[in-house]
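Written below as structure tokens is the structure these notes are about.
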Amino acid sequence: MIVIPGPASQILGFKIGNLLKAKVVPLDYKRFPDGEAYIRIDGDIQGEHVAVVQSTFPTDPHLIELFLLLDTVKELAASKITAIVPYLAYARQDKRFRPGEAISIKTIIRLIENIGVDELYTINIHEDAVLSEFKMPIINLSAMNAIGTYLKKYDLKDPYIVSPDQGAEFLAKEVAETLHADVSSCFKKRDLITGEIETEVVKLNVKGRDTVIIDDIISTGGTIVNAAKMLKAQGARRVFVGATHALLIQNARTRIMQAQVEEIIGTDSVLSEVSKISVASLIADALT
Ligand code: R5P
């Protein structure tokens, strides 16, 4: 197998290549003054199984690079193409919430499939129901066990795992299983027009206990801030946050820390100052 780390996932791509003991073919890439992307695959890939690693955040520029890269791999006659997109953007727009809306994630996956990609790997996609609509195999890995394992070093007191909304409850359950902890879910409503969120106050048995809020994505941080404030108000001893994709838009990290969170634990699906866990071995193991 040949691994090509895309512009958005250079370090992660090289790590995966090294773990697989695969040949890593580098890329030349740049942006033209008008913002258009340029890529050049710097090696021979004809007849080879090629795995392209490219997350898609910041979103649109990295999506275009992903399409250019996959299509070039196809044109250069690779025998098999594996797309590894740890953070697959647009996954939250997975249905028509209001009449006439684009179901964006379907468009993105359709484009990847139509290029001729043989299989797609991603991690903790927001909602996996949409994946079964495609012929191409799509493997949705989970970083939750890794997050739970990381948290073991804190010797958590009577741990209580919380999802900030019902959509993330199954993720919180995965972490709770790793930590043999209790688990519960909050209820969140989002205004479809303004995007503003409201978290319903639910009474949780967290007094004097260490708590962990688990989500797939941290974007503006609003979801986590609401949940953290609620846990603290109910007497939680410490509040940790674990999320696979920590996008941390604008001052999200500061806002979360101001809500008395001890630590944000993210992965390198999107590289940031909270990337405490690498998903390289999760992906490499899945590929072998
Ligand atoms: C949506 O339900 C997701 O699972 C996350 O909860 C959401 O994307 C977080 O967004 P924000 O950080 O802007 O509240």
**OP:** With a 1.4 Å probe and every protein chain left in place, tell me how much accessible area Leu19 has, in Å² to the nearest 10.
**Re:** 90
Original post:
Just the Cα atoms of the stretch 1-68, one point each, no solvent: what log10 I(q)/I(0) does Debye give at q = 0.13, 0.15, 0.18, 0.21 Å⁻¹?
Top reply: -0.35, -0.46, -0.65, -0.85
Original post:
Per residue, how much accessible area does the stretch 126-223 have with a 1.4 Å probe, in Å²?
Top reply: 52
**OP:** Would you mind working out the magnitude of the charge dipole of the chain relative to its Cα centre, with +1 at each Lys and Arg C-beta and -1 at each Asp and Glu C-beta, to the nearest 20 Debye?
**Re:** 800
Original post:
Label-point separation (nm) for Ile64 and Ala286, each offset 7 Å from Cα along Cα-to-Cβ?
Top reply: 2.8
**OP:** Could you let me know the centre-to-centre spacing of the stretch 214-236 and the stretch 108-164, using Cα atoms, in angstrom?
**Re:** 21
Original post:
In a solvent-free Debye calculation with one equal scatterer on each Cα, what is log10 I(q)/I(0) for the stretch 60-127 at q = 0.11, 0.16, 0.18, 0.21 Å⁻¹, listed in the order of the q values?
Top reply: -0.28, -0.57, -0.70, -0.89
Original post:
Could you list, bin by bin from short to long, the percent of Cα-Cα pairs of the stretch 240-288 in 5 Å steps?
Top reply: 5, 22, 26, 22, 11, 7, 5, 2, 0
Original post:
For the chain, what are the DSSP H helices with axial Cα length of 20 Å or more and mean Kyte-Doolittle hydropathy of at least -1.0?
Top reply: 59-75
Original post:
Can you give the relative contact order of the stretch 144-268 as a percent, counting alpha carbon pairs under 8 Å and 6+ residues apart?
Top reply: 23
**OP:** For the stretch 144-268, count the residues as N, evaluate 2.2 N^0.38 Å, and divide the Cα radius of gyration by that value, please.
**Re:** 0.95
Subject >> Inter-probe distance in nm under a simple model that places probes 7 Å from Cα toward Cβ, at Glu133 and Asn145 >> reply: 3.0
Original post:
Relative contact order of the chain: what whole-number percent is it, with Cα pairs under 8 angstrom and at least 6 residues apart?
Top reply: 14
Original post:
Among the aspartates and glutamates, which have Cα under 15 Å from the Cα of Lys229 when same-chain residues fewer than 8 positions away are ignored?
Top reply: Asp165, Glu198, Glu200, Asp210, Glu262, Glu263
Original post:
How big is the stretch 97-165 on each of its three principal axes, counting only the C-alpha atoms and giving the largest first in Å?
Top reply: 49, 33, 14
Original post:
If we sort 250-256, 197-203 on the protection proxy, mean other Cβ atoms within 10 Å, highest first, what's the order?
Top reply: 250-256, 197-203
Original post:
Along the principal axes of its C-alpha atoms, what lengths does the stretch 17-137 span, in descending order and rounded to whole Å?
Top reply: 47, 36, 25
**OP:** Have a look at the DSSP beta bridges in the chain and tell me what percent are antiparallel, nearest 5.
**Re:** 20
Original post:
Scaled to the compact-protein estimate 2.2 N^0.38 Å, what is the alpha-carbon radius of gyration of the chain, rounded to two decimal places?
Top reply: 1.04
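The values are calculated or read from the model by the stated rules, or taken from the named source; none is laboratory data. A quick note: this is a predicted structure, and the numbers were derived from the prediction, not measured. Note: ideal-geometry Cβ built from the backbone for every residue, glycine included; neighbour counts use all protein chains shown. Accessible surface areas use protein heavy atoms only, side chains included; no ligands, DNA or RNA. Shrake-Rupley method; radii C 1.70, N 1.55, O 1.52, S 1.80 Å.
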